[in-house]
1. Which order do the peptides 40-47, 155-162 take when ranked by the mean count of other beta-carbon atoms within 10 Å per residue, highest first?
2. For segment 104-228, count the residues as N, evaluate 2.2 N^0.38 Å, and divide the Cα radius of gyration by that value, please.
3. Figure the gain on full extension for TYR158 and LEU49 (residue separation times 0.36 nm, minus the Cα-Cα span) and round it to one decimal in nm.
4. Filter LYS54/LYS186; LYS79/LYS101; LYS54/LYS99 down to the pairs with a C-alpha to C-alpha distance above 27 Å, please.
5. Once both labels are modelled 7 Å past Cα along the beta-carbon direction, what's the ASP103-LYS174 spacing in nm?
6. For TYR125 and VAL40 in the same chain, what is the full-extension length gain: residue separation times 0.36 nm, less their Cα-Cα distance, in nm?
7. I need the peptides 101-114, 186-199 ranked by packing, meaning the mean over residues of other C-beta atoms within 10 angstrom, with the highest value on top.
8. Kindly write out, for segment 84-97 in residue order, the coupling ³J(HN,Hα) from the Karplus curve 6.51 cos²θ - 1.76 cosθ + 1.60 (θ = phi - 60°), rounded to whole Hz, with x marking Gly and Pro.
Amino acid sequence: MFLGIPILNYSQIDSIDRINLYSGFDKIIGIENSGLFNGVVYKERHRMLDAKQKFFHSPLFSKGTIDYDGQQYFDVMMKYDVYEDKVIIKLNNELVLDKDKIDFFSINGHSFEKMDFITTDKVRYNGFFEKLEEHLSFSFIKKHKKAELKKMGKSAVYYEFVDKDELFLLYQEKFYRVETRSDIIKIFPFLSEEIKKRFPRSYRKMSQEEYLRGILKEVFLMVGQDHNKTIE
C-alpha cells in the first residue's frame with residue numbers, strides 16, 4: 001500500500017528534518033510493524049529494592065534513538081541494562097533487541113556505540129561503549145559496568161548493583177586503558193612535567209572520570225602544538 005511519503009534528496013534534508021521525517025514515517029506505519037518488532041520478550045530476573053539497580057540512570061523507559069539492522073528509529077521507549085549489556089524497548093511488550101543488529105543508540109542525552117577491540121595490554125573488550133570525548137585525534141571511551149551483590153531480605157533474596165566502570169583512550173589506532181594520571185603520563189612521557197604541573201594530585205576534587213577527561217583535553221591541545229610528537 002502506497003503511504004504517500006515523498007521521495008526526497010537526502011542531502012537536501014538537515015539532521016532535524018530527517019529525524020522529523022523518519023519519526024513521522026514510524027508513526028504512520030506503526031513502530032510495532034517495523035523491524036524493531038522482532039526481539040525476545042524481556043523477563044526481569046533480578047529483584048531490586050533501591051537505587052542500586054542495574055540500568056543506565058533509571059529502570060524506567062525513556063525516549064531514545066537507535067540504529068537497528070541498518071535502520072534508524074527515533075522516539076523509541078527504551079532502557080539500557082548495563083549489567084547484562086542489553087537494550088530493552090517497550091512496544092506492546094518489553095522486548096530485548098538482538099545485540100548484533102545494534103550499531104548505536106542514545107538515551108538520556110548519552111550516546112553508545114557497539115565496539116570490539118583489544119587494548120595495548122592484550123585484553124579484549126566488546127559491547128556498548130559511551131564516547132565521553134571525541135576529537136579528530138582521540139576518543140575518550142567509557143564502558144559502563146555493574147557488579148552484582150546478592151542480598152538476603154526478610155522474606156526473599158534481592159540484588160544490588162555497584163558501578164565497575166572502565167575508561168579507555170583511543171589514540172593513533174591503539175586502545176589504552178586509563179585509570180590514573182600515571183596511565184596518561186605513560187602514553188605521553190614527553191608531557192610528563194607539564195601534566196604534573198597543571199594537574200597536581202591535590203587538585204582531584206572531582207570524580208576520576210572528570211579529572212582524567214580534563215587532563216586529556218589539555219594533553220591534546222599540547223600535542224596539537226607539536227605534530228612531531230608521537231607515541232613510541
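Read-outs: derived from the displayed coordinates by stated rules, not from any lab. What you see is a predicted model, and the numbers here were worked out from it, not measured in a lab. Here Cβ is always computed from backbone atoms with ideal geometry, including for glycine, and neighbour counts include all displayed protein chains.
1. On the way: 40-47: 11.2, 155-162: 13.1.
By packing density, highest mean first, the sequence is 155-162, 40-47.
2. Details: Rg = 17.3 Å, N = 125, 2.2 N^0.38 = 13.8 Å.
Working it through for segment 104-228, the quotient is 1.26.
3. Values: separation 109, 0.36 × 109 = 39.24 nm, distance 0.71 nm.
Net length gain for the segment: 38.5 nm.
4. Numbers: LYS54/LYS186 34 Å; LYS79/LYS101 16 Å; LYS54/LYS99 18 Å.
Where the Cα-Cα span goes over 27 Å, the pairs concerned are LYS54/LYS186.
5. 3.0
6. Numbers: separation 85, 0.36 × 85 = 30.60 nm, distance 2.46 nm.
Full extension of this stretch gives 28.1 nm more.
7. Details: 101-114: 17.0, 186-199: 14.7.
The densest-packed peptide leads the list: 101-114, 186-199.
8. 9, 6, 10, 9, 10, 10, 10, 10, 5, 10, 8, 10, 8, 7
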